[in-house]
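Worksheet: one structure, shown below.
Please treat every number below as a calculation from the coordinates, not as lab data. All of these numbers come straight from a predicted model, not from anything done at the bench. Cβ sites come from the backbone with ideal geometry, for glycine too, and all protein chains shown count toward neighbours.
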C-alpha cells in the first residue's frame, strides 16, 4: 500500500510542475502589464528583468508552507488517507482551473483558488467523517477565518485599488500632462525619488518579508527604523534620479523596470506556497506515515503537520527555474497580459469583450454624471483641465498601449497599496490590486472613450466576476473530486491525475497553435501601430481582401452543405451548420471592428474616399451571412419537425441553382485574387442572368403549385423561401463586386456589358 501512496506523492509533484507553469502564466500579468503596455523596454529585456526577480524571490524564499499544512484544516483530526485525498483534489482542481482562466485570457488569483480548493475539499471530507459517526463538527475540523479574509480581500482590493488608481493618476496627469517631456526638468527628480522609495518600502514590507535572510531580528530592526529608511531613500533616490536625467537617462523606464523586478520578486517569494505547498505537505505526510503509521492509512492522524517545515533549497531553486521557463515560453502568459493591456490601452485597438446591458447602463450613467459635473465647474477650470488631458499630445513608445507615466504610476501605486495593506493587516490581493489600479489609471487618462467604454466596462465586470467564479468553482470542483477519490480509492486518484496531465498537454498544444495564429495577424498590428499614414492603404486592402476571400469561401461551402442537407432531409447537419454560422458571424463582427480601426489609421483623405465602398462591401458580406442564417433556420425547423421532404422532381432544378450559386461565389473569390475591371463587369452581368433564372424558376413553381400534392405545400413554401433568399444573395454578391472594384479602382465603371449568360451546369 505504501508503494501506491508513493506513486500518489510522485504524481503530486508532477502536478506541481504543471501548477507552477499555469500559475506563473496567470500571475505574470501582475508584474508584466505595465512594462509591456508602456514599452519600457523590448519584450525580451522585460522578461529577463522579471525572470531575475522571479528566480531570486523563489530561491530566497524561506519555504514556510504553513497554509497548506494547517492553515485551512486541523490536521490532528484527519487521517493520512483523508489528507492525501484532499491534496490530490486540490492539485487536480488547481491545475485545470488556472489553465481554463489562462486559456480565456482572464487574470485571477492563485491564492483565492488554493484557499477555496483546500476549503472545499476539507468541507466534503468533514461531511464524510461526520456522516461516519465522528463527534467533531465543522468548528473543530475547519478554519474558515482564512476564507472569509480572502473574500474580504476581494472587495477591499477592488474598491481601494480602483479609487486610488483613478485619483493618483488624475493628479499625476495634471502635473505632467500627456506632453510630459517638457515638464520633466525639475519634477522628475522628486517624482522618481517618490516612486523608487515606494518600491523599496514595498520590498521591505511585502517582497522580502518571507525571504531567507529576513530573520526576526532584521524584521524588528526594519520596523523600528522604517521612517529613517524611507527618509534616507527619498533623499538618495531624488538626487540620483535628477542626476540620471541630467545624464540623458530615461528615468521613467528605470522606474518601470525596477517596479517590474520588485513585483516579480514579491510574487515568487510570497505566492510560491500556492504552487508547491500542497505537494510538499503531501511529502511530509507520507514521511510521517511511513515512519509511524504502521500501515493504518485510515486511522493514523496527521497532527505532525501542525509543526513548521523548511523547504530544501534545491526544491526552491528548481521551482524558480520552472517559473522562469514558464514565464519566458508560455503563450498563455502573454494572452493574460494582453487582456489587461487591451482594457487599459490609450489607443483604439481590438476590443476583446462585447457589450452588455449592465455596461451600457453604467456608461450612460457615467456620461450624465460627467456632463453634470462639467456644467457645475467654472469654464476656465474645465478648459485648463482639458488642456492637461489632451490625448492628442500623448507621447508613447512605438506600439505602446499607454505612456511611461501611467506605467510608473501603475507599478508604484500597486506596490505601495499592497505594502500599506500588509502593514495594516488588510488582506489585499496582489492580482486584484494590480489589475484595478491599472483600470483606475486608464479611466483617469480618459482611455475609455465613447467608442470603447462599453466594451471595456464589460471586460472589467467579466474579470471581477471571474474572481468570484474562481472561488465558487474551486470550492465545488475540489469537493466533487475529493469525494470521488475518498470513495473510489487510490485507483481513482491515479486516473484523475493522468486525465489532468492529458488535459493540460492538449490545452498547451492548442494554445501554441492559437499563439501562432495570433502572431500570424501581424499585418493588422503593423497597420494600427504604424507611425506613418502614408502607403498604408495597399496593406489594408490586402488585409480586407484576405478576410473577405476566407468568408466567401465559407459562404460557398455553407450554402452547399445547407442545400444538400435540405434535399436529403438531414436535420443533424443543419443543426451543426447553425453553430458554424453563429461562430462565423462573430468572427465577421470582430473583423469588421479591426478593419474599421485600420481605416482610421490611413490618410484621412484616402479614408473618406474609400469609406463608402469599404462599408458597402462589408454590409454585402453580412447580408449574405443573414441570408444563409435564414435559409438554414427555415430548413432546420422543417426537417426537425419531420415534415415531408422536397419532392424528387424539384431536385434537379434546385441542384442546378445551387451549383450556379457556388460557381458565382467561387468566381468572386477568383476575381479578388486576380482583379480586372472586365472580369468584374462580366461577373456582375452573370449575376443578372442568375437572378433572371431564379425569377423564372419561381414563376414556374407558382404555376405548378396547383398540380402538386396538397400535403407537400409546407415544403413547397420552404422551397420558395430558399429561392427568394438565394436571389437576395445574388443581389448582395452583385453589389459586393461593385464595392470591391471601387475599392481597387476608384474609376471603375460598373456599367454592365453585353456578355453571354453563365453556363448552367
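Helix 313-329 and the longest principal axis of the C-alpha atoms of the chain enclose an angle of approximately 20°. Taking the number of Cβ atoms within 10 Å of each Cβ as an exposure proxy, the fewest-first ranking of 733, 54 is 733, 54.
Estimated from helical segments only, the mean residue ellipticity of the chain at 222 nm is -26000 deg cm²/dmol, where each DSSP H run of four or more residues counts as -39500 (n - 2.57).
What FRET efficiency would be calculated for the residue pair residue 175, residue 382, taking the C-beta separation as r and a Förster radius of 22 Å, to the nearest 0.05? Don't jump to the answer; show the numbers that get you there.
Values: r = 18 Å, r/R0 = 0.82.
After rounding, the FRET efficiency stands at 0.75.
Normalised by the number of residues in region 525-744, the average gap of Cα pairs under 8 Å and 6 or more apart makes the relative contact order 33 percent. As a calculated quantity, the FRET efficiency between residue 503 and residue 583 at R0 = 22 Å, using C-beta atoms, amounts to about 0.45.
For region 525-744, the pair-distance distribution built from all alpha carbon pairs, in bins 10 Å wide starting at 0, is 8, 31, 30, 18, 9, 3, 0 percent. When the P(r) of region 164-275 is calculated, the portion above 22 Å amounts to 43% of the C-alpha pairs.
Residues of region 714-729 with an amide N closer than 11 Å to a point placed 7 Å from the Cα of residue 644 along the Cα-to-Cβ direction: 714-717. Taking Cα atoms only, the orientation of helix 80-104 departs from the longest principal axis of the chain by about 40 degrees. The alpha carbon convex hull volume per residue for the chain rounds to 212 Å³. Note that region 40-198, at 37 °C in a medium of 0.692 mPa s, gets a Stokes-Einstein diffusion coefficient of 163 µm²/s from its Kirkwood radius over C-alpha pairs. As a calculated quantity, the FRET efficiency between residue 229 and residue 182 at R0 = 41 Å, using C-beta atoms, amounts to about 0.75.
What is the order of 253, 585, 223, 39, fewest Cβ neighbours within 10 Å to most? Write out the running numbers ahead of the final one.
Working: 253 18, 585 15, 223 11, 39 21.
With the sparsest Cβ surroundings first, the list reads 223, 585, 253, 39.
The slack in the chain from residue 534 to residue 390, taken as 0.36 nm per residue of separation less the alpha-carbon distance, amounts to 49.4 nm. Relative to the dominant Cα principal axis of the chain, helix 251-271 is inclined by about 70°.
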